[in-house]
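This report refers to the structure that appears directly beneath it.
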Amino acid sequence: MTMNASLSAANTPNPHSQEFISAVKNWVDQHFSGIVTDLCQLVTYRSLAFDGYDRAPLESSAAAVAELFENLGFKQVHQLTETNSDGEQSGPAIIARSPAQGDKPTVLLYAHHDVQPVGDCEAWETDPWVATEKSGRLYGRGTADDKAGIVVHHAAIRALQELLGDDHGLGVTVFIEGEEEVGSPFFAQFLQEHQQLLAADTIIVADSANWSVEIPALTTSLRGLLDGVIEVTVTEHPVHSGLFGGPVLDANTILARIIANLHTADGDVAIPGLDQTRWAEVAYDEEEYRQQIGAVQGLELAGTGGLADRLWNKPALNIIGVDTTSIAESSNSIVHTARAKFSMRLGPGMDPQHAMDTLTAHVQNTPAFGATVAVHPGEQGKPFVVEATSQASAMMKQALSEAWGTDAIETGMGGSIPFVADLVEAFPNASILLTGIEDPDTKAHSPNESLDLSVLRHAIEAEILLLARMALDHVE
Ligand SMILES: [Zn+2]
């Protein structure tokens with residue numbers, strides 16, 4: 001496939017020219033305050049898809065998103081909720097669609113309108129539901145993750161209409177999900193039931209992070225995820241530690257020995273067969289990392305290899321919860337059963353099922369004094385890697401570089417976005433681009449989440465450039 005920038009009509013702009021890039025920047029300049037106002041409006045909705053939260057604001061949020069795209073003149077705007085066989089409902093999603101003309105390509109623009117709970121209200125310096133600007137950043141829950149993604153898509157489509165005319169012909173489908181933060185449980189069902197509506201040549205997922213405020217990034221790998229529970233039982237019931245203790249180790253101690261055996265002395269994951277297949281191009285700054293995690297004085301970092309590789313390309317394994325007798329409930333008896341939940345991140349090229357099998361075998365082979373040890377598998381999500389040779393990713397990197405005025409880099413992301421694997425499976429021939437409006441200071445999911453407004457501006461410019469080139473370039 002080669003790109004040809006030659007244009008048929010004399011009055012059609014050349015989307016690669018300096019003039020066009022300037023026109024795009026001017027357009028964003030002129031409309032920026034209105035775009036920020038749209039974002040502030042979306043932030044007012046407490047759009048939580050978690051169980052136990054009022055669903056009404058989530059529905060209102062979906063309606064507000066639908067209205068934004070109706071106002072762009074989209075003829076087809078669907079507000080959709082899936083239901084499973086247990087009668088459970090998905091978060092409300094929006095699909096807005098404008099079909100391609102002739103043989104022009106179609107792009108699917110993804111973001112999500114649901115957000116994380118605000119957590120500790122005391123820790124917020126501003127009202128999380130009132131977007132507040134301070135020193136060039138917009139604070140509030142969802143300002144970055146991922147309501148900014150919605151306004152980036154919205155602004156880019158509007159700019160395309162105004163700069164190229166309504167008949168630009170590019171097929172545009174917008175998919176704004178309403179349950180990403182709860183793990184997109186209905187995503188595969190959405191894709192299956194609306195495959196026709198959602199089919200696209202290129203998919204832009206605006207839900208990731210940039211390397212810094214000054215340096216844009218295209219996320220080209222995501223770690224996979226699996227979790228499960230290790231359960232240890234030593235006796236049928238608790239027994240008195242004075243009368244019976246000595247010849248029997250309690251379940252906590254055996255569980256601790258099993259957990260200790262999950263890592264090598266260096267702190268690398270000790271599960272065999274999880275080989276690294278990709279190496280990071282950039283160096284992650286150790287001091288910055290220590291600061292981001294709030295490392296205590298003297299903490300030694302675990303694992304071997306580059307820090308970026310340990311964050312993106314190697315497996316990582318953590319114990320995220322333990323069920324045992326609490327200290328308050330403890331008595332002089334031998335704890336007979338204990339459980340630990342593990343969460344494991346997988347680098348590109350690692351298969352979740354294989355990892356679960358080898359982890360289970362490793363746990364079962366750990367000496368445990370013959371205690372009954374069970375591993376109960378939980379969720380799984382595959383890692384994701386963008387083909388380095390993809391034409392769409394080269395176009396996106398170019399557009400990001402022009403918008404920021406500095407070269408875009410490729411990064412991995414330590415987090416997992418399980419639905420990305422669903423997208424790859426449903427649309428194996430589509431190019432998937434992970435862009436984003438976050439930066440290292442965004443604090444998504446935490447108190448004082450914020451968005452850098454210059455990043456928002458550049459993200460919109462980059463998306464306009466990419467969409468215009470997709471609309472006007474002749475793809476052979
Ligand atoms: Zn997100």
statement: Residue hits (the range 170-193; surrounded by fewer than 19 Cβ atoms within 10 Å (Cβ to Cβ) and either within 16 Å of the ligand (Cβ to nearest atom) or part of a loop (DSSP other than H, G, I, E, B) (or both)) are V182, G183, P185
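Evaluate the following for E379: is it away from the ligand (no atom under 16 Å from the Cβ), in a helix (DSSP H, G or I) and surrounded by fewer than 16 Cβ atoms within 10 Å (Cβ to Cβ)? Talk me through it step by step, then tell me what you get.
Values: away from the ligand (no atom under 16 Å from the Cβ): yes; in a helix (DSSP H, G or I): no; surrounded by fewer than 16 Cβ atoms within 10 Å (Cβ to Cβ): yes.
For E379, the condition - away from the ligand (no atom under 16 Å from the Cβ), in a helix (DSSP H, G or I) and surrounded by fewer than 16 Cβ atoms within 10 Å (Cβ to Cβ) - is not met.
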field: Odd one out for I157, checked against (1) within 16 Å of the ligand (Cβ to nearest atom); (2) under 24 Å from S390 (Cβ atoms); (3) part of a helix (DSSP H, G or I)
entry: (1)
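Which of the residues spanning the range 15-52 are surrounded by 14 or more Cβ atoms within 10 Å (Cβ to Cβ) and assigned to a loop (DSSP other than H, G, I, E, B)?
Residues of the range 15-52 surrounded by 14 or more Cβ atoms within 10 Å (Cβ to Cβ): 15-16, 20-21, 23-25, 27-28, 31-32, 35-36, 38-50.
Listed by number, the residues that qualify are P15, H16, T44, Y45, R46, S47, L48, A49, F50.
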query: When residues of the range 343-369 are filtered for being at positive phi and open to solvent by 80 Å² or more (accessible area, probe 1.4 Å), how many remain?
result: 1
field: Members of the range 408-442 that are surrounded by 19 or more Cβ atoms within 10 Å (Cβ to Cβ) and acidic (D, E)
entry: D422, E438, D439
Matching residues in the range 277-316 - criterion: being under 22 Å from S446 (Cα atoms) and without any contact (Cβ under 8 Å) to a residue 60 or more places away in the chain: Y284, D285, E286, E287, Y289, R290, Q291, I293, G294, A295, V296
query: Checking G119 against (1) away from the ligand (no atom under 16 Å from the Cβ); (2) surrounded by fewer than 16 Cβ atoms within 10 Å (Cβ to Cβ), which single condition isn't satisfied?
result: (1)
query: Which numbered condition trips up T143, out of (1) assigned to a loop (DSSP other than H, G, I, E, B); (2) away from the ligand (no atom under 15 Å from the Cβ); (3) of a type in the set (S, T, Y)?
result: (2)
- request: Find all pairs meeting these conditions: Cβ atoms under 7 angstrom apart; at least six residues apart or on different chains; first residue within the range 127-155 and closer than 16 Å to H445 by Cβ and among the β-branched types (V, I, T); second residue within 16 Å of the ligand (Cβ to nearest atom) and open to solvent by less than 30 Å² (accessible area, probe 1.4 Å).
  value: T143/L39; T143/V43; T143/E449; T143/S450; T143/L451
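Please verify whether L197 is open to solvent by less than 10 Å² (accessible area, probe 1.4 Å) and either among the hydrophobic types (A, V, I, L, M, F, W, C) or more than 16 Å from the ligand (Cβ to nearest atom) (or both), treating the condition exactly as stated.
Criteria not met by L197.
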- prompt: Of (1) crowded, with 19+ Cβ neighbours inside 10 Å; (2) away from the ligand (no atom under 16 Å from the Cβ), V151 satisfies all except one. Which?
  reply: (2)
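State whether the residues of the range 132-143 include one that is within 22 Å of I432 (Cα to Cα) and either over 23 Å from the mean Cα position of the chain (by Cα) or of a type outside the set (D, E) (or both). Before you say what the answer is, go through the steps one by one.
Of all residues in the range 132-143, those within 22 Å of I432 (Cα to Cα) come to none.
There is no residue in the range 132-143 that is within 22 Å of I432 (Cα to Cα) and either over 23 Å from the mean Cα position of the chain (by Cα) or of a type outside the set (D, E) (or both).
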- request: Quick one: count up the residues across the range 306-342 that are within 30 Å of H237 (Cβ to Cβ), in a strand (DSSP E or B) and open to solvent by 20 Å² or more (accessible area, probe 1.4 Å).
  value: 9
- request: Six or more apart or on different chains, Cβ under 7 Å: which pairs go from a residue in the range 227-254 that's of a type in the set (S, T, Y) to one that's open to solvent by 40 Å² or more (accessible area, probe 1.4 Å) and not in a strand (DSSP E or B)? Could you list them?
  value: T233/H336; T235/V248; T235/H336; S241/N332
- line: Flagged pairs (Cβ under 7 angstrom, 6 or more apart or on separate chains; first in the range 262-276, within 17 Å of V363 (Cα to Cα) and of a type in the set (D, E); second assigned to a loop (DSSP other than H, G, I, E, B) and open to solvent by less than 30 Å² (accessible area, probe 1.4 Å)) are D268/G303
- prompt: Counting only residues that are over 23 Å from S184 (Cα atoms) and part of a loop (DSSP other than H, G, I, E, B), how many does the range 105-127 have?
  reply: 6
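The values are calculated or read from the model by the stated rules, or taken from the named source; none is laboratory data. These numbers were taken from a predicted model, which means no experiment stands behind them. Using ideal geometry, Cβ is built from the backbone for each residue, glycine included, and neighbour counts are taken over all protein chains shown. For the accessible areas, the whole protein counts, side chains as well, though only heavy atoms, and no ligand, DNA or RNA atoms are used. Shrake-Rupley method; radii C 1.70, N 1.55, O 1.52, S 1.80 Å.
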